[in-house]
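*Asks:* First, the structure itself, so that you have it in front of you.
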Amino acid sequence: MENKRVLLISFYNNKAMGVRCLEKALQTAGYEVFIIFFKNFNSMKPKMCTDKELSYLTDLIGVIEPSIIGLSVMSTFYLEAVLKVNSYIKDNYDIPVVWGGVYPSLFPEDCLKFSDYVVVGEGEHTIIELAKAIRDKKRVQAIKNLGYHTKDDVKINDVRALNEDPDEFGPPILGGDNKFAVDHDKVSFGDPQLNSTSYELAATKGCPFACSYCSSVNLRRLYKGKGKYIRYRSVSSVINELIDAKIKMKNLRYIRFWDEIFSDDEKWIREFCESYVKYINLPFEIWCHPLKVKKNVIQRLTQAGLHKVVMGIQSGSERILKDIFHRYEHTQDILKACNIFNECKVPEVVYDFILMNPFETEADLIETFELVRKIPRPFELQIHGLNFLPGTDIVQIALERNVVDYDKLNKIMFGTMEEQYSHYWGADQKNPKQNFWLSLIHLSQFNGLSTIADYLSVRSYRTIVTKVAALLYKVSRKLARIRHLYKKAGMLASSTIHQTVTGRRQRVQLKKAFTNYMQ
Ligand code: SF4
């Protein structure tokens, strides 16, 4: 009997949007798909998988008996775990393994040292064709986007033209008894996403920007001349995905759009807001870029339930922004965007900064402090270090400018998960002047503390001043944590009350709307 079972494994990510899209594509093509969510996300205290978890995984594979196993390798953060799983599979089974995700797309040859195949770029059609070739015992040489072994080498095929219709396979599948989660030394059956209070999705594909520390631009380069890179899903597809989530997730209280940059297309936004209010009506979160913030768009979104905006500012130094990060907005663009969020009264605004990096001088940090002091409150700061992701442009910049040597860079990029996260949070930076300005920047998000930060910023640099700043920094970090939890609890409580009042009646209407869509 032909084996049409495909197993997909995601790492440290129960949401796994990309894996769920592959599931949908394979299922549409007639395959029986299983997903194992191998360990869940934890950016603060990530833990390596245990032998027990690996043995559960191996047992599950034995029960499923797939004809092919796909490993989702998003970045090198989890490479250590991916390699362990890969070798467990190889030691115990004779099943072809294919790697897909950002890292295999940028380094297919390196990944083929461990896997049988790699998928480069967008993988829906490739995984279908590969599964078919394996099932029918056919050759794989003609499959686009595929990397494979030849007799004495490896071959990476060209990528196909971009699929212009991001709705081709429809929304991903939520729920189902084909899903398992392995974490904390146990296995749970069913889709772990169903118990969550939040649902994540993306309404667009691709990002128009080219930040040097991000792999988005490298992926775009793979597709040069292969069609339109930024693609918007239709509003009806997005809303129907959310209706499905609302029906199936009884605890759903919050929606997160994980588009790299949320759409600023006014026609799309108008249509989206109308449907969102009518069918979904839950608080939601988006990511923005300073050059893509329009007042009428933010106003509309806020009226439709926009609860939180996360915007990357990264630095207040135009030198760092332009020369190092390849971000071409000016500080006045940043402030303009911040003022728009403030005027539109977006309930929660978070600004992301990449500080404590080896390119930064004290003057750059002072410029960042000065910029932050001009941002209208309330806002939250999310400050982290610079993570060097393999293949990103900033790696080359660091080598050319001799700010980090090759060995250290490799250690950062391919260190253990704990080492990489510690670098990401900037924990291994010890420069006292950097720490001083970092403290003042952090204090600036709080009403009372920002005045003290101003006072300290004009004092001459002495031990006592730095000690006070360091002490207040500790306090402000705790305050930031409490504020975050308080706001989250408040949002969940008000969303729960709202859902309790309108929930049952609306669920009946939603089922009707969803059934109509499916017909
Ligand atoms: S805006 Fe965000 S997603 Fe786009 S390139 Fe920059 S960091 Fe990457």
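The values are calculated or read from the model by the stated rules, or taken from the named source; none is laboratory data. Values in this document were obtained by computation on a predicted structure and should not be read as measured data. Positions of Cβ are generated from backbone atoms using ideal geometry, with glycine treated the same way; all protein chains shown enter the neighbour counts. The protein model used for the area step is the full one, side chains on, heavy atoms only, and it has no ligands, DNA or RNA in it. Shrake-Rupley method; radii C 1.70, N 1.55, O 1.52, S 1.80 Å.
*Asks:* Do any strands (runs of 3 or more DSSP E) entirely within the stretch 42-127 hold 1 or more residues that are over 20 Å from Lys4 (Cα atoms) and in contact (Cβ under 8 Å) with a residue 12 or more places away in the chain, and if so, which?
*Replies:* none
*Asks:* As an exercise: evaluate Asp185 against (1) within 27 Å of Val82 (Cα to Cα); (2) crowded, with 17+ Cβ neighbours inside 10 Å and give the number of the one condition it does not meet.
*Replies:* Going through (1) within 27 Å of Val82 (Cα to Cα); (2) crowded, with 17+ Cβ neighbours inside 10 Å one by one, Asp185 breaks only (2).
*Asks:* Could you check the stretch 299-331 and list, in sequence order, the residues that are among the small types (Gly, Ala, Ser), within 16 Å of the ligand (Cβ to nearest atom) and outside any strand (DSSP E or B)?
*Replies:* Ser315
*Asks:* Something else about it: For the stretch 228-268, give me each residue that is more than 15 Å from the ligand (Cβ to nearest atom) and assigned to a loop (DSSP other than H, G, I, E, B).
*Replies:* If the condition is that a residue be more than 15 Å from the ligand (Cβ to nearest atom) and assigned to a loop (DSSP other than H, G, I, E, B), then Lys228, Arg233, Ser234, Met249, Lys250, Asn251, Leu252, Arg253, Asp265 are the ones that fit.
*Asks:* Right, next: Checking the condition within 13 Å of the ligand (Cβ to nearest atom), more than 20 Å from Pro166 (Cβ to Cβ) and at pLDDT 95 or above, which residue from Ala210, Ala202 passes?
*Replies:* Only one candidate passes the filter, namely Ala210.
*Asks:* Among the residues of the stretch 16-41, count how many are in contact (Cβ under 8 Å) with a residue 60 or more places away in the chain, assigned to a loop (DSSP other than H, G, I, E, B) and under 21 Å from Leu146 (Cβ atoms).
*Replies:* Here the count works out to 2.
*Asks:* Hey, another quick one. Which pairs do you get when a residue that is touching a residue at least 40 places away in the same chain (Cβ under 8 Å) and over 30 Å from Glu241 (Cα atoms), found in the stretch 149-169, comes within reach of a residue that is open to solvent by 70 Å² or more (accessible area, probe 1.4 Å) and outside any loop (DSSP other than H, G, I, E, B), reach meaning Cβ atoms under 6 angstrom, with the pair 6+ apart or on two chains?
*Replies:* Listed pairs, sorted by first residue: Val154/Glu109.
*Asks:* For the stretch 169-185, does any single residue satisfy the condition of being under 19 Å from Val73 (Cα atoms) and among the β-branched types (Val, Ile, Thr)?
*Replies:* Yes, the stretch 169-185 contains a residue that is under 19 Å from Val73 (Cα atoms) and among the β-branched types (Val, Ile, Thr).
*Asks:* For the stretch 339-347, check the following and say yes or no: at least one residue is more than 16 Å from the ligand (Cβ to nearest atom), assigned to a strand (DSSP E or B) and either hydroxyl-bearing (Ser, Thr, Tyr) or buried (at least 20 other Cβ atoms within 10 Å of the Cβ) (or both).
*Replies:* Within the stretch 339-347, none of the residues are more than 16 Å from the ligand (Cβ to nearest atom), assigned to a strand (DSSP E or B) and either hydroxyl-bearing (Ser, Thr, Tyr) or buried (at least 20 other Cβ atoms within 10 Å of the Cβ) (or both).
*Asks:* Consider Pro376 carefully, then state whether it is without any contact (Cβ under 8 Å) to a residue 60 or more places away in the chain, under 30 Å from Pro104 (Cβ atoms) and in contact with a helix residue (DSSP H, G or I) (Cβ under 8 Å, 6 or more places away or on another chain).
*Replies:* no
*Asks:* So is Ile334 more than 16 Å from the ligand (Cβ to nearest atom), within 30 Å of Val277 (Cα to Cα) and among the β-branched types (Val, Ile, Thr) or not?
*Replies:* no
*Asks:* How many of the residues in the stretch 215-227 are in contact with a Phe, Trp or Tyr (Cβ under 9 Å, 6 or more places away or on another chain) and either in contact (Cβ under 8 Å) with a residue 40 or more places away in the chain or more than 16 Å from the ligand (Cβ to nearest atom) (or both)?
*Replies:* 5
*Asks:* Within the stretch 45-62, can one find any residue that is under 30 Å from Gly227 (Cα atoms), open to solvent by 20 Å² or more (accessible area, probe 1.4 Å) and in contact with a helix residue (DSSP H, G or I) (Cβ under 8 Å, 6 or more places away or on another chain)?
*Replies:* No - not one qualifying residue is present in the stretch 45-62.
*Asks:* Say whether the condition of being over 18 Å from Ile313 (Cα atoms), part of a loop (DSSP other than H, G, I, E, B), of a type in the set (S, T, N, Q) and over 23 Å from the mean Cα position of the chain (by Cα) is met by at least one residue in the stretch 395-404.
*Replies:* Yes: one or more hits.
*Asks:* I'd like the full set of residues that are in a helix (DSSP H, G or I), at pLDDT below 85 and open to solvent by 100 Å² or more (accessible area, probe 1.4 Å), limited to the stretch 470-519.
*Replies:* Within the stretch 470-519, Ile497, Thr500, Val501, Arg504, Arg505, Gln509, Lys511, Lys512, Asn516, Met518 qualify.
*Asks:* Name the residues in the stretch 298-324 that are surrounded by 22 or more Cβ atoms within 10 Å (Cβ to Cβ) and more than 17 Å from Ile261 (Cα to Cα), would you?
*Replies:* Ser315, Gly316, Ser317, Ile320, Leu321, Ile324
*Asks:* Within the stretch 405-432, how many residues are assigned to a helix (DSSP H, G or I), at pLDDT below 75 and within 17 Å of Glu360 (Cα to Cα)?
*Replies:* 2
*Asks:* Scan (1) at pLDDT 90 or above; (2) over 17 Å from Asp352 (Cβ atoms) for the single condition Pro378 breaks and write down its number.
*Replies:* All conditions pass for Pro378, except number (2).
*Asks:* When the stretch 188-217 is examined, which residues are found to be open to solvent by 20 Å² or more (accessible area, probe 1.4 Å) and part of a helix (DSSP H, G or I)?
*Replies:* Pro192, Leu194, Asn195
*Asks:* Here's a follow-up. Would you check if Ala161 is open to solvent by 40 Å² or more (accessible area, probe 1.4 Å) and more than 30 Å from Asp323 (Cβ to Cβ)?
*Replies:* Yes.
*Asks:* Considering only the stretch 218-250, state which residues are open to solvent by 20 Å² or more (accessible area, probe 1.4 Å) and touching a strand residue (DSSP E or B) at 6+ places or on another chain (Cβ under 9 Å).
*Replies:* Tyr229, Ile230, Tyr232, Arg233, listed by residue number.
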